[in-house]
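Here's the structure we're looking at; comments come further down.
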Amino acid sequence: MSSLNYKHLRYFWMVAKTGSIATAAAQLHLTPHAISGQLSEFAATLGVQLFRRAGRNLELTEAGRRIARSAEQIFTVGDELLELVRNSQLASPQPFRVGCADSVSKLIACRLVEPALKLEEPVRLVCREGRLDNLLADLAVHRLDLVIADRTIPAHFSVRAYNHLLGESSMTAFATADLAARLGPDFPACLENAPVLFPGEDVAIRGRLLHWLESGDIHVRVIGEFDDSAMMQAFGQSGAGVFFAPTVIAAQVCDQYQVVALGTVDAVVEQVYAITTERRMSHPATVAIGALARDMLFRA
């Protein structure tokens, strides 16, 4: 005997437990003839007699009882292994990996991704931050499930992925109360020669803000440029200069960074995209993110 046939062992074990080929066959969804043939083959392979007739039932031989005890241990361990795997899967939610471009407001990204933590089937959220090109490279090789960005996939980037517009918002200018008092209440004229913290060249909104300032003949002093929106807002909190953020999170920005809103720039609109490898978002987490964006965050 080169190896043990575990299928035959299970058939034998079921017959030994039930004392009847017909009963075992019904539980295994097989015919009695099939079970009988498999038992004969199993006994021939082992070279021992497994059962003897006892009236209309089968009775285990001494060799059969020893094999049945071993089979009980084998299949008990197998059932424990399956239970262990099932419990491990339940205790370890599948990861949902999100990349957030530096240029996207962290307050917006946090609100968008939050529904993923409240799904009926829980996920383990993994967040990555960086330049959009690097995040798209990770998306292409399935290291990420979703990328949140302020622009669509760049034309030069060869990746099979799809842009899903989550929403858009006008921009609002913010400053500390002390700086706002020095600048005066007349917005946007108060920005003339004001210290301004500006988005970096990798931020989609930068060109639109520059165009708005130029078209209004407003001259500002750009004292810092930031690819990372959180870094820019932190400098704004220190009083270093005026900064811009999406209007949909104006209340949160004022509360978190202890600043006041100077005014809204309706002519400048920031868009937020979910980029996935799905043509239509179907993952429960991405569906929940899209629903929150549509029904709450960007509803207005």
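The values are calculated or read from the model by the stated rules, or taken from the named source; none is laboratory data. Since the model is a prediction, treat every value here as computed from it, not as a measurement. Glycine gets a Cβ as well: all are built from the backbone with ideal geometry, and neighbour counts include every protein chain shown. With ligands, DNA and RNA removed, areas are computed over all heavy atoms of the protein, side chains included. Shrake-Rupley method; radii C 1.70, N 1.55, O 1.52, S 1.80 Å.
For the chain, the solvent-accessible area works out to 55 Å² per residue, with a probe of 1.4 Å and every protein chain left in place. A simple charge model with +1 on the Cβ of Lys and Arg, -1 on the Cβ of Asp and Glu and nothing else charged puts the dipole of the chain at about 2120 debye relative to its Cα centre.
Mean sequence separation of contacting Cα pairs (under 8 Å, at least six apart), scaled by the length of the chain, corresponds to a relative contact order of 21 percent.
Positive end of the charge dipole of the chain (Lys, Arg +1 and Asp, Glu -1 on Cβ, about the Cα centre): tell me which of V272, S103, L39 has its Cα farthest that way. It is L39.
Equivalent ellipsoid of the chain: semi-axes from √(5λ) of the C-alpha gyration tensor, largest first, are 71, 17, 15 Å. Per-residue SASA remark: E192, around 90 Å² accessible (1.4 Å probe; ligands, DNA and RNA not included).
Exposure check, 1.4 Å probe, all protein chains in place: T277 carries approximately 60 Å² of accessible surface. A simple charge model with +1 on the Cβ of Lys and Arg, -1 on the Cβ of Asp and Glu and nothing else charged puts the dipole of region 69-148 at about 300 debye relative to its Cα centre. Scaling against 2.2 N^0.38 Å puts the C-alpha radius of gyration of region 130-271 at 1.13.
What trypsin sites (Lys or Arg not before Pro) does region 135-225 have in DSSP loop regions with at most 16 other beta carbons within 10 Å? When the trypsin sites (Lys or Arg not before Pro) of region 135-225 are filtered for loop state and at most 16 Cβ neighbours within 10 Å, R143, R160 remain.
With all protein chains present, how much of the accessible area of region 120-232 (probe radius 1.4 Å) comes from carbon and sulfur, to the nearest whole percent? Whole-percent figure for carbon plus sulfur exposure: 48. Against the chain, whose longest principal axis is taken from its Cα atoms, helix 6-18 shows a tilt of about 70°. Packing here is the average count of other Cβ atoms within 10 Å per residue, and on that basis the peptides 96-105, 46-55, highest first, run 96-105, 46-55.
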